[in-house]
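See below for the structure under consideration.
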Amino acid sequence: MPLHINGAGHPEFMTLPWSLPLEQWPTDQIAALPRGISRHVVRFVKLADKVVAIKETNATIAEREFVMLRELQRLGAPGVVPLAVVSGRTNALGEPLEAALITEHLQFSLPYRSLFSQALREETTTRFVDALAVLLVRLHLLGFYWGDVSLSNALFRRDAAEFTAYLVDAETGDLHAALSEGQRSYDTEIARMNIIGELMDLEAQGHLEDTVDPMAIADRLQERYDELWEALTQTATYTSNIPLRIANRVKELNELGFDVSEMDMRETDDGEALVMRAKVVDAGHHARRLMRLTGLDVQENQARRLLNDLDEYRMLVSHPSEDEGYSAHQWLMKVFEPTVRAVPREFRKKLEPAQVFHEVLDHRWFLAEAADHDVAMPVAVASYVKNVLPNRPDEQSVLGTPASELNAAEMTADLPALTAEVEARSQETPIFEGDNTGAWGGAIDDEDSAADADDAPSSAPTVTRQSTKREPPAHKVPGSERD
Amino acid sequence: MATVTYDGASRIYPGTERPAVDKLNIDIADGEFLVMVGPSGCGKSTSLRMLAGLEDIDDGAIWVGDRDVTHVQPKDRDIAMVFQSYALYPHMSVADNMGFALKIAKIDKSEIRSRVEDAAKILDLTEYLDRKPKALSGGQRQRVAMGRAIVRQPQVFLMDEPLSNLDAKLRVQTRTQIAALQRRLGTTTVYVTHDQTEALTMGDRIAVLKDGVLQQVGTPRDMYDTPKNVFVAGFIGSPAMNLGTYQVFDGQAQVGRAKVTLTRDAIAQLKADDKNHVVLGFRPESLDRAAPNAEGAIPIEVDIVEELGSDAFVYGSIPNEFGESKDLHFAAGDSQVVVRIDPRDVPAKGDTIWVTIRGGEQHVFSAATGDRLNAPTIHQDAIVK
Ligand SMILES: Nc1ncnc2c1ncn2[C@@H]1O[C@H](COP(=O)(O)OP(=O)(O)OP(=O)(O)O)[C@@H](O)[C@H]1O
Ligand SMILES: Nc1ncnc2c1ncn2[C@@H]1O[C@H](COP(=O)(O)OP(=O)(O)OP(=O)(O)O)[C@@H](O)[C@H]1O
Ligand SMILES: [Mg+2]
Ligand SMILES: [Mg+2]
């Protein structure tokens, strides 16, 4: 059987060295990014405009997983994007090689293992597990039975103060019209087992703090899952003040981050009460609202954070009676974009723009507390760029620096100078109006030329405006396994 | 260890009319290796998932031992799905990889150690217990994963096409290993496959399903010698049984130019609905070469001869100058007949050979219902391929 590439028509796929086992591909084509544990060989490969993940496996599995991932993508499930299946590979001697599944590398994603070059705190572990519980509920609502839920089979992205989990391994999964109780409970049972195994493995490696109890963490997954499932699928019976009760129920779901797109309402037989159940809920309530207002495409908790800031801006700076869309536009131009643009190029691989914004907000709050007065956003950014970003040990650029480790006194002493500097600069640098990409701009940089020497930290980044899609540069996660 | 009973168990998927599994009744003995087999979509995976608790049971019940588990959650059924996921943890020893699930179940250390050691003995892993998985071969790693299921000492093992992703050679090897392992452990096992060869070689008994309906349960020998209907006859055995619909005159089936005398019990069972037709089946290995025009001999025109060293097969057709028989073939391809012949006496393409069906190796089915008409035959020397 000749080489056969089925899927996205990407010309570069044809030029990859398919006649070599993936393990032997030349390192200059490989992107050294962190990975979870897996049975198959998985490597990341650099193409001109993106990084892809390639997994070697047999043709049937690859094909099945490809179809499954595509279906999940269609349903809007958070997961890696499948690009193609490569089959009919042979080596130079004409002997068959395994098939390959190509997926898009999920940018800024963190396999949980990459974060453990130092002991893992309980708090971080629980955030991972909480994110996994949300992912599992979302997948189950869509009728997806995973069959192999684990920390390794999910990817995590920072999402404001939380993580958001994405599905990465759909090999054992199955789609159904709706899941049975048994399927859901078995999936969470598998998840518990796997999480315990994974955490015990970290323990054996000395990468888990003594206080972390793998079983308690696994139980937490079950609890979080049950809570969220119940909150989203419960049936409520109302006897009075029905319109208000319904509105409240919808708001409740919104606050959990879900929109209700189909509601099932029935009168009880005696006509005395109304039985109500949200039939179809879609995750991403805040992300959608932010997208509608600003065109920014960010994760749910980041969106919450940005919306809070936007709403505050509308109340305090713009005007509450101002058209929402108009204030959003003002906020984007005057607050969001200048903030993320103040981050010098060499630091842009560390975090997504929306995540930077979230951190700057945190930092601003921290400074205000320490200085005991309000700190302007541009000053907060400058301080963040000067004091937080550069000094961060590499892996903390991923995990976040606990505020307690920053030196408040020093930074507070800095503030007057920074304020003067910012004011002087704002006279010269024009505002980049109307850029709503929300992205750093530009194509993927080569992993190994992280900081361009001739790129002065304060120089303005190139900005692309074509789409509202986020297309940030490849993210180098420090402390990663190197190929 | 325990028996398993499907008691009229049905599954109707929401939005479908026909049950995916229709009133399934099977009694599986304690320690038995039961294989469910059938073509794609026959309901075998659904049946297995019903037992695992992953699929609701819409009607009937399922019992494990003397416990009705119909409404019991999967994790409380004391059943292990083997090969579901076999992640191995790189920094844990082989022993810990096998035993960690027991730790979760709060089983005490010495008990865990002894169960792990027992499992390791059975799996030939004793000397590796204190090593890390990295030091193991692929096959050994797979056995460690099996060990994880074994140490839990579940009442029942479930396996759904565990070999489907292996290449042909490894498949045959692993098949033998699983069967041997199951016999050593003596744990009741339900195994699903679409491959009848796998079913025949592994199962103590086989259950054949079609369209959600159980067709027959029996030992490999039963299925091979006495298929209960045309479907089972065509499904079990490789190459498949030759099947055709022929008209009956005076107790004889008109097969092409030949008249084949049918057993008396079969003739006695013929009903009006059969309109004097039967489905006659004979396995490729149930035929003897005969002289041209010998009594009861069927002429076969040779299309292809396949020589396999110890065996040879003729693929041919029955010349049909009378035109009164409408062929009804289930697996052997268009009006094709397969004959196993002596590899030392091989005809040429285009030759006509004559064969008779060996005594007691006829399979006669109703042309109307497909059900078997002749009584079970008893003989010793048919070869299960
Ligand atoms: N598209 C992707 N983006 C980022 N990381 C990826 C991607 N695909 C795979 N990975 C990384 O590679 C690892 C292994 O991938 P995957 O889980 O699909 O392999 P596997 O061999 O099927 O695993 P398992 O042993 O669980 O069956 C993941 O844990 C993840 O860290
Ligand atoms: N979740 C589902 N929802 C609706 N119909 C289903 C579902 N799963 C299976 N079916 C249908 O039920 C029938 C039996 O399916 P099942 O998967 O049990 O068959 P199978 O014998 O295991 O097939 P295969 O060998 O292809 O796995 C088929 O017609 C199938 O299309
Ligand atoms: Mg995986
Ligand atoms: Mg996998």
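Within segment A:167-186, the set of residues being facing chain B (nearest Cβ under 9 Å), in contact with a Phe, Trp or Tyr (Cβ under 8 Å, 6 or more places away or on another chain) and open to solvent by less than 20 Å² (accessible area, probe 1.4 Å) comprises A:Gln183 only. Just wondering, is there one or more residues in segment B:54-72 that are open to solvent by 20 Å² or more (accessible area, probe 1.4 Å), within 22 Å of B:Ile178 (Cβ to Cβ) and either more than 8 Å from every other protein chain (Cβ to nearest Cβ) or in contact with a strand residue (DSSP E or B) (Cβ under 6 Å, 6 or more places away or on another chain) (or both)? No, the conditions are met nowhere in segment B:54-72.
Considering only residues that are within 16 Å of ligand 2 (Cβ to nearest atom) and open to solvent by 10 Å² or more (accessible area, probe 1.4 Å), look in segment A:135-152 and name the one that is nearest to A:Tyr225 (Cα to Cα).
Residues of segment A:135-152 that are within 16 Å of ligand 2 (Cβ to nearest atom), as a first pass: A:139-147.
Applying the additional criterion that residues be open to solvent by 10 Å² or more (accessible area, probe 1.4 Å) yields A:141-142, A:145.
Working: A:Leu141: 12, A:Leu142: 15, A:Tyr145: 14 Å.
By that ranking, first place goes to A:Leu141.
Residues that are open to solvent by 30 Å² or more (accessible area, probe 1.4 Å) and either more than 8 Å from chain A (Cβ to nearest Cβ) or aliphatic (A, V, I, L, M) (or both) within segment B:88-97 comprise just one, B:Leu88.
Between A:Leu296, A:Leu306, A:Leu290, which is touching a residue at least 60 places away in the same chain (Cβ under 8 Å) and buried (at least 22 other Cβ atoms within 10 Å of the Cβ)?
A:Leu296
The residues of segment A:6-57 that are under 26 Å from the mean Cα position of the chain (by Cα) and of a type in the set (Val, Ile, Thr), listed by number, are A:Ile30, A:Ile37, A:Val41, A:Val42, A:Val45, A:Val51, A:Val52, A:Ile54. Cβ-Cβ distances below 7 Å connect the following pairs, each with a first residue in segment B:1-22 that is surrounded by fewer than 19 Cβ atoms within 10 Å (Cβ to Cβ), a second residue that is outside any strand (DSSP E or B) and among the β-branched types (Val, Ile, Thr), and a separation of six or more residues or different chains: B:Met1/B:Thr187. Among the residues making up segment A:153-166, a single one is in a loop (DSSP other than H, G, I, E, B) and crowded, with 24+ Cβ neighbours inside 10 Å: A:Asn153. Can B:Arg77 be described as facing chain A (nearest Cβ under 10 Å) and open to solvent by less than 20 Å² (accessible area, probe 1.4 Å)? Criteria met by B:Arg77. Residue-level analysis places A:Asp259 among those that are closer than 30 Å to A:Glu337 by Cβ, out of contact with any Phe, Trp or Tyr (no Cβ under 7 Å at 6 or more places or on another chain) and either away from chain B (no Cβ under 14 Å) or assigned to a helix (DSSP H, G or I) (or both).
The set of residues in segment B:98-113 being open to solvent by less than 20 Å² (accessible area, probe 1.4 Å) and facing another protein chain (nearest Cβ under 8 Å) consists of B:Phe100, B:Ala101. Whenever a residue of segment A:139-157 is within 11 Å of another protein chain (Cβ to nearest Cβ), its partners that are part of a strand (DSSP E or B), lying with C-beta atoms within less than 6 angstrom and at least six residues away or across chains, give the pairs A:Gly143/A:Leu175; A:Tyr145/A:Asp174. If you filter segment A:319-342 down to residues that are open to solvent by 60 Å² or more (accessible area, probe 1.4 Å) and in contact (Cβ under 8 Å) with a residue 24 or more places away in the chain, you find that the one that is farthest from A:Tyr384 (Cα to Cα) is A:His329.
The values are calculated or read from the model by the stated rules, or taken from the named source; none is laboratory data. Worth saying up front: this structure is predicted, and the values here are computed from it rather than measured. Please note: Cβ atoms are built from the backbone with ideal geometry, for glycine as well, and neighbour counts cover all protein chains shown. What goes into the accessible areas is simple: the full protein's heavy atoms, side chains included, and nothing from ligands, DNA or RNA. Shrake-Rupley method; radii C 1.70, N 1.55, O 1.52, S 1.80 Å.
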